[in-house]
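What follows is a single structure, written as structure tokens, with notes after it.
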Amino acid sequence: MLKLAILGFLHDQPMHGYELRRHLAALTGHIRPISDGTLYPAIKRLETDGLLIRETEPGSTAAPRHTLHLTPAGRSALLEQLRTPDRLDISDENRWFTVLAFLRHLDSPAEQATVLRRRLAFLDEPASFFYDGARPLSAEDITDPFRSGILLIARATSQAELAWLGDTIATLDGHPRSSA
């Protein structure tokens with residue numbers, strides 16, 4: 001997730017490390033805070049792998065600042081990760097939101113729709129947070145109001161996402177529709 005987010009934000013524009021950290025925090029910080037001890041080693045690995053470069057700019061009143069830029073290899077790595085997200089990127093909501101945040105960078109509507117169809121297929125699989133053996137339980141199966149609430153909220157969220165996915169896939173396929 002971190003690699004995808006770093007490459008995605010740097011695809012948008014070159015940034016200083018602290019700007020990148022601010023953008024990352026806005027995207028995922030409340031869910032998965034990213035410390036300097038995680039971010040800067042990740043930046044260094046991406047730099048070592050040739051996916052980004054660091055350019056030094058003179059500081060106006062302070063020390064020189066380092067701006068991070070995506071390389072052509074970094075752009076290719078980003079696009080490949082967007083084209084072929086792994087199963088966890090499709091199934092984990094937080095990772096999925098990171099994929100969605102940068103999916104616009106794929107130029108092909110067909111490729112974008114393919115990724116969205118993978119999420120749609122995942123959402124169509126029967127699932128629950130709670131099971132009776134192998135059988136997923138629904139909100140109506142549970143007497144605990146809090147567990148039932150989790151399932152009702154998840155159902156509403158899934159229904160909204162399913163409607164959005166259907167509309168967006170239809171639009172990308174050239175057949176706009178309305179869920180109204």
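What is the angle, in °, between the Cα long axis of helix 109-124 and the longest principal axis of the Cα atoms in the chain? Nearest 10 is fine, range 0 to 90.
40 degrees
Show that you can apply the helix-only estimate: for the chain, add -39,500 (n - 2.57) for every DSSP H stretch of four or more residues, divide by all residues, and state [θ] at 222 nm to the nearest 500. Mind showing how you got there, number by number?
On the way: 8 runs with 103 residues, N = 180.
Value at 222 nm, helices only, nearest 500: -18000 deg cm²/dmol.
Could you give the nm distance between label points at Asp92 and Glu161, where each point is 7 Å from its Cα heading toward the beta carbon?
Modelled inter-label distance: 1.4 nm.
Tell me the carbon and sulfur percent of the accessible area for segment 65-128, rounded to whole percent, probe radius 1.4 Å. Please report the intermediate quantities before stating the final value.
Working: 1740 of 3140 Å².
Carbon and sulfur: 55 percent of the exposed surface of segment 65-128.
How would the chain be classified by its alpha-carbon gyration tensor: rounded, prolate or oblate, with rounded meaning a/c under 1.5 and the a/b versus b/c comparison settling the rest? Let's see the in-between values first.
Details: a/c = 2.67, a/b = 1.75, b/c = 1.53.
Prolate, because a/c is 1.5 or more and a/b exceeds b/c.
Subtract the Cα-Cα distance of Arg135 and Ala42 from 0.36 nm times their separation in residues, and report this length gain in nm to one decimal. Don't skip to the end; give the middle numbers.
Values: separation 93, 0.36 × 93 = 33.48 nm, distance 4.06 nm.
Net length gain for the segment: 29.4 nm.
Using alpha-carbon positions, what is the distance between the centroids of segment 33-57 and segment 146-179, in Å?
About 36 Å separates the Cα centre of segment 33-57 from the one of segment 146-179.
Might you tell me the accessible area per residue for the chain, computed with a 1.4 Å probe and given in Å²?
58 Å²
Could you tell me how many degrees, from 0 to 90 and to the nearest 10, lie between the Cα long axis of helix 145-172 and the main elongation axis, the longest principal axis, of the Cα atoms of the chain?
In the chain, helix 145-172 runs at an angle near 70 degrees to the longest axis.
The values are calculated or read from the model by the stated rules, or taken from the named source; none is laboratory data. Predicted model, so just to flag it, every value in this text is computed and none were measured. Positions of Cβ are generated from backbone atoms using ideal geometry, with glycine treated the same way; all protein chains shown enter the neighbour counts. For the accessible areas, the whole protein counts, side chains as well, though only heavy atoms, and no ligand, DNA or RNA atoms are used. Shrake-Rupley method; radii C 1.70, N 1.55, O 1.52, S 1.80 Å.
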